[in-house]
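Working notes, beginning with the structure itself.
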Amino acid sequence: MLTIYSDDHHLHHGRCELIDGELKPCFEMPSRADHVLQQVRERRLGEVRGPEDFGRAPIERIHTPDYLRFFEGAWARWAQLGKGGDLLPFTWPARTLRGVLPDSLHGQLGYYSFDGGAPITAGTWQAAYSSAQVALTAQAAVQAGAHSAFALCRPPGHHAASDLMGGYCYLNNAAIAAQAFLDQGKRKVAILDVDYHHGNGTQEIFYARSDVFFASIHGDPQAEFPFFLGYADEHGEGDGLGCNFNYPLPAGSGWATWRGALDEACERIGAYDPEVLVISLGVDTFKDDPISQFKLDSPDYLAMGERIAQLGKPTLFIMEGGYAVAEIGVNAVNVLEGFERARQG
Ligand code: 6XA
Ligand code: ZN
């Protein structure tokens, strides 16, 4: 399987996040992608290539021009104020406030974010832009006829909505790639999000559309980030009604439970019959993940890849979360290897 990877992800390294009442070093750190790349190489998954540059147009198909302008220019505005720390929001237009766009950098940052978990640093725009290009380059390979490809994206993307950053995400790589398939002639794309957290951004982007089917298996939002989306009764709206399926699972869920949800999601996807499949591949479902509560073990990821392969669709894997840094590579590559093995059968 072809892997697309860019070193530019090193340009993004947030200093800290607020967790359990403490400022701790960001769990979403550069060594995550380095470990995945190392496993891809060690286990000879296939060729590793750098991304092509498809420009801003495919990103603008998903994100609003004002959001992109703000994100690209935010660090320069922050630096001009003489600040050196990460740029982090702390006020949001919650229910009793007005959704106005203030002039202030911090006001605008609150307007364009939904949590304080997506720090902007000097290199964040470039890293996120390159991450989207990594997704688009892998997408182009599948569009050109490859049965599968792996976009080793960092930063991740599935929490980013059309004009919101949050949850370590800035540009929605999976959504950008799905839209690119449609713009290049595909008529139906399915996205299966196996990250521990609900892909709220991806859901929002395609919620009223029937050309992109979205299914997500994740920690129950009653108890887990992102809390305010990802419930089982969210089925889409308008043209998209019936094209959104969430599988929230309780804390402590292991492979047997998780596999049951995967089977259900795969049956739905099979019935939708997409021309191509996009997998939001987070491995923070791992038993030792420091911020998650599922109990999957490393061999389970091989079985996950096998089950995905049984759908028999050209498949684009996009890296999302996973914070047990030493194991993230093994677990991610297990999914890809399990997929390859089952496909070659
Ligand atoms: C709250 C936790 C953010 C979760 C990010 C993630 N700061 N999403 O892994 O998939
Ligand atoms: Zn996650």
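The values are calculated or read from the model by the stated rules, or taken from the named source; none is laboratory data. Here the structure is a predicted model, which is why all the values come from computation and not from measurement. Here Cβ is always computed from backbone atoms with ideal geometry, including for glycine, and neighbour counts include all displayed protein chains. We work out accessible area using only protein heavy atoms, side chains counted, and drop any ligands, DNA or RNA first. Shrake-Rupley method; radii C 1.70, N 1.55, O 1.52, S 1.80 Å.
Output the strands (runs of 3 or more DSSP E) that fall wholly within segment 244-328 and possess 1 or more residues being open to solvent by 10 Å² or more (accessible area, probe 1.4 Å), over 20 Å from Q179 (Cα atoms) and within 15 Å of ligand 1 (Cβ to nearest atom), or say none.
244-249
Please determine, by comparing only the residues of segment 1-15 that are open to solvent by less than 70 Å² (accessible area, probe 1.4 Å) and closer than 18 Å to A132 by Cα, which one is farthest from ligand 2 (Cβ to nearest atom). First the steps, then the outcome.
Filtering segment 1-15 down to residues open to solvent by less than 70 Å² (accessible area, probe 1.4 Å) leaves 1-6, 8-9, 12, 14.
Those still in the list that are closer than 18 Å to A132 by Cα too: 2-6, 8-9, 12.
Working: L2: 24, T3: 21, I4: 21, Y5: 20, S6: 21, D8: 21, H9: 17, H12: 17 Å.
This residue is L2.
Can we say G338 is more than 16 Å from ligand 1 (Cβ to nearest atom) and either surrounded by fewer than 20 Cβ atoms within 10 Å (Cβ to Cβ) or among the aliphatic types (A, V, I, L, M) (or both)? Write out each step before concluding.
Working: more than 16 Å from ligand 1 (Cβ to nearest atom): yes; either surrounded by fewer than 20 Cβ atoms within 10 Å (Cβ to Cβ) or among the aliphatic types (A, V, I, L, M) (or both): no.
No.
If you check A160, A190, A180, which single one turns out to be within 11 Å of ligand 1 (Cβ to nearest atom) and in contact with a Leu (Cβ under 7 Å, 6 or more places away or on another chain)?
The unique qualifying residue is A160.
Filtering segment 16-36 down to residues that are in contact (Cβ under 8 Å) with a residue 40 or more places away in the chain and hydrophobic (A, V, I, L, M, F, W, C), which residue is most open to solvent (accessible area, probe 1.4 Å)?
Applying the first criterion (in contact (Cβ under 8 Å) with a residue 40 or more places away in the chain) to segment 16-36 yields 16-19, 26-33, 35-36.
Add one more test, that the residue is hydrophobic (A, V, I, L, M, F, W, C), and what stays is 16, 18-19, 26-27, 29, 33, 36.
Working: C16: 39, L18: 131, I19: 39, C26: 11, F27: 41, M29: 56, A33: 5, V36: 1 Å².
By that ranking, first place goes to L18.
Can you list residue pairs whose Cβ atoms sit under 6 Å apart, with the first residue in segment 312-328 being within 13 Å of Y196 (Cα to Cα) and the second being of a type in the set (F, W, Y) and within 12 Å of ligand 2 (Cβ to nearest atom)? Count only pairs 6 or more apart in sequence or on different chains.
Listed pairs, sorted by first residue: Y323/F27; A324/F286.
Quick one: count up the residues across segment 288-340 that are of a type outside the set (F, W, Y) and away from ligand 2 (no atom under 16 Å from the Cβ).
Looking only at that region, the number is 27.
Grab the helices (runs of 4 or more DSSP H) fully contained in segment 86-184, keeping just those with 3 or more residues being on the phi < 0 side of the Ramachandran plot and open to solvent by less than 10 Å² (accessible area, probe 1.4 Å).
Numbers: elements: 105-111, 124-143, 173-183.
Output list reads 124-143, 173-183.
If you scan segment 16-34, which residues turn out to be touching a helix residue (DSSP H, G or I) at 6+ places or on another chain (Cβ under 8 Å) and either away from ligand 2 (no atom under 16 Å from the Cβ) or farther than 13 Å from M319 by Cα (or both)?
Matches in segment 16-34: M29, P30, S31.
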